[in-house]
Amino acid sequence: MGAAKGVTNMALAHEIMVNQAFQVKPVELPEGSLERKVKEIMQKAFWDCLESQLKEDPPVYGHAIKLLAEIKETLLSFLQPGQGRLHSHIEEVLDLALIHQQADKGALDMGQLSHFIIGMMSSLCAPCRDEDINKLRDITDTVLLLKEIFSVLDMMKVDMANFALSSIRPYLMQQSAEYERSKFQDFLEKQPNALDYTEKWLENSARSLRETRVTGSNNASSDPSPLSILDVHNYAYLLLLRWDHSSDPFPETVLMDQVRFQKMQQEAEQLILLSSVLLIVCTSTGEAISGLPGFKETLKNTVSAILPNVHTPSFSVQEALATIGEKLCVDLCQCLSQHGHPPLSAEQQNTLKGQISATIQMDNTVRKLIDSRVRGYLLATLESSQHKTPPPLPGGLTPISRELKELAVCFSRLVNFNKLVFSPFYQKILHKILAAEEVPSTET
């Protein structure tokens, strides 16, 4: 339980750090769930009980005073250290001892107290809650008013929590790497096998990179250059963009970012498919459309509009590519005719449709070429990040240059922060993996 708590805190700090849009949100129980039904029943019973107490003659204020105490505590929790005058004012008006005396004598004015509470909430709430506060002023029923006051106070608590997050984020950024590393070390001491999948991931990276260099070596008789820690480490992150999330456990040190890496993987695969189709079209039509201003962008938008949900389970890539082929043939023939060129023949259209449909195959020549260039660019981005100079864009990727550069920036930023946090653990594992080879340099 102690280890789980530490990991939870580490995950929360990490999310605040890497997700600039992170906000605390109120818990919404699923519609029709047992927990929600029980909650609704208990709340209804409570408010019914309060209503019956206030309707007695004389009224019974036991439950109502407990609610006033909770409201007072919540209002005080919203105050900053320098707001001593407001603190004294709340203590004075919501003096529980005095309220008890007034209730015993039948002199308690719930309307006056409610008016004060709403006014105080108005002065302490965020501007986005002004409308909710104004609606409270129109409620005359005491029970309903107290119920809605608590509802708005709950929203104000969330607002205050998000304000606190925005305030501490700059300070957290300065300490987050050290904090995450410390929490993970604590977890590792309680769970000694907490790096098993990370070791397997880095071992696969070294083996895959070594095989890639052997395959790509022009001189089969010469041994490829020894692997460096930095090369293996960077290549390991590239493997995360080819991950089989349905069967392979994700490495522990990047587990908190699995959703982000999976999203980047999907974006990369979609860009590869998009660029492959555009390259086939441009190659098939030659100079006829290459000089037409804006037409490539039109083709790109057409293909992108048909591939937005390519990774959803119900999406059929084969049907989408067939639709793209049909649509592009129509658009190309219209464009060629408008600019004085002969339209594509039936044979040319069938060939183009077949080439586009063939990109569904992972071993398709065009797709393999684009895949290699996209992933090579992402890897080059990691390698050049220390020098602050972006790598040149490979040929054939100009139509997706903006999207690819945005992806590379996000990928590099996430990777560099992960290195910053877990570098001591990575160094130890990588030294062990490459111990049999001469390591030319270490990663700092």
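The values are calculated or read from the model by the stated rules, or taken from the named source; none is laboratory data. What you see is a predicted model, and the numbers here were worked out from it, not measured in a lab. In this analysis, Cβ positions are derived from the backbone assuming ideal geometry, glycine residues included, and neighbour counts consider all displayed protein chains. Surface areas here come from the heavy atoms of the whole protein model, side chains and all, with no ligands, DNA or RNA. Shrake-Rupley method; radii C 1.70, N 1.55, O 1.52, S 1.80 Å.
Details
- So residue 51, is it more than 30 Å from residue 421 (Cα to Cα) and open to solvent by 90 Å² or more (accessible area, probe 1.4 Å): no
- Scanning the range 92-108 for residues that are modelled with pLDDT under 90 and part of a loop (DSSP other than H, G, I, E, B) yields 105, 106, 107, 108.
- Restricting attention to the range 345-359, the residues being surrounded by 14 or more Cβ atoms within 10 Å (Cβ to Cβ) and either free of Cβ contacts under 8 Å to residues at least 40 places away in the same chain or among the small types (Gly, Ala, Ser) (or both) number 4.
- Taken together, 394, 440, 399, 424 contain a single residue that is open to solvent by 30 Å² or more (accessible area, probe 1.4 Å), more than 22 Å from residue 271 (Cα to Cα), modelled with pLDDT of 85 or more and not acidic (Asp, Glu), which is 424.
- Check on residue 73, surrounded by fewer than 13 Cβ atoms within 10 Å (Cβ to Cβ), within 21 Å of residue 156 (Cβ to Cβ) and at pLDDT 90 or above: yes
For every residue, the table says whether it meets (1) under 21 Å from residue 21 (Cβ atoms); (2) modelled with pLDDT under 90; (3) open to solvent by 70 Å² or more (accessible area, probe 1.4 Å).
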site	(1), (2), (3)
114	no, no, no
117	no, no, no
123	no, no, yes
137	no, no, yes
143	no, no, no
148	no, no, no
182	no, yes, no
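- Per-region count, the range 56-91, residues free of Cβ contacts under 8 Å to residues at least 40 places away in the same chain, under 43 Å from the mean Cα position of the chain (by Cα) and part of a loop (DSSP other than H, G, I, E, B): 4
- Residues in the range 232-259 that are of a type in the set (Asp, Glu), open to solvent by 10 Å² or more (accessible area, probe 1.4 Å) and out of contact with any Asp or Glu (no Cβ under 9 Å at 6 or more places or on another chain) were compared, and the one that is nearest to residue 201 (Cα to Cα) is 248.
- The condition (being at pLDDT 90 or above, of a type outside the set (A, V, I, L, M) and under 27 Å from the mean Cα position of the chain (by Cα)) is satisfied by just one residue among 351, 312, 253, 323: 253.
- All of (1) surrounded by fewer than 16 Cβ atoms within 10 Å (Cβ to Cβ); (2) more than 22 Å from residue 425 (Cβ to Cβ); (3) not aliphatic (A, V, I, L, M) hold for residue 265 with one exception: (1).
- Checking the range 296-308 against the condition returns a match, with at least one residue being over 16 Å from residue 399 (Cβ atoms) and either out of contact with any Gly (no Cβ under 9 Å at 6 or more places or on another chain) or open to solvent by 70 Å² or more (accessible area, probe 1.4 Å) (or both).
- Restricted to the range 316-344, and to residues there that are of a type in the set (Ser, Thr, Tyr) and without any contact (Cβ under 8 Å) to a residue 12 or more places away in the chain, the residue that is most open to solvent (accessible area, probe 1.4 Å) is 337.
- Leading residue by the ranking (farthest from residue 420 (Cα to Cα)) among those in the range 156-168 that are open to solvent by 40 Å² or more (accessible area, probe 1.4 Å) and hydrophobic (A, V, I, L, M, F, W, C): 160
- Residue in the range 368-390 that is polar (S, T, N, Q), part of a helix (DSSP H, G or I), under 26 Å from residue 237 (Cβ atoms) and open to solvent by 50 Å² or more (accessible area, probe 1.4 Å) present: yes
- Boolean, residue 171 is assigned to a helix (DSSP H, G or I), under 18 Å from residue 421 (Cβ atoms) and either of a type in the set (Lys, Arg) or in contact with a Phe, Trp or Tyr (Cβ under 8 Å, 6 or more places away or on another chain) (or both): no
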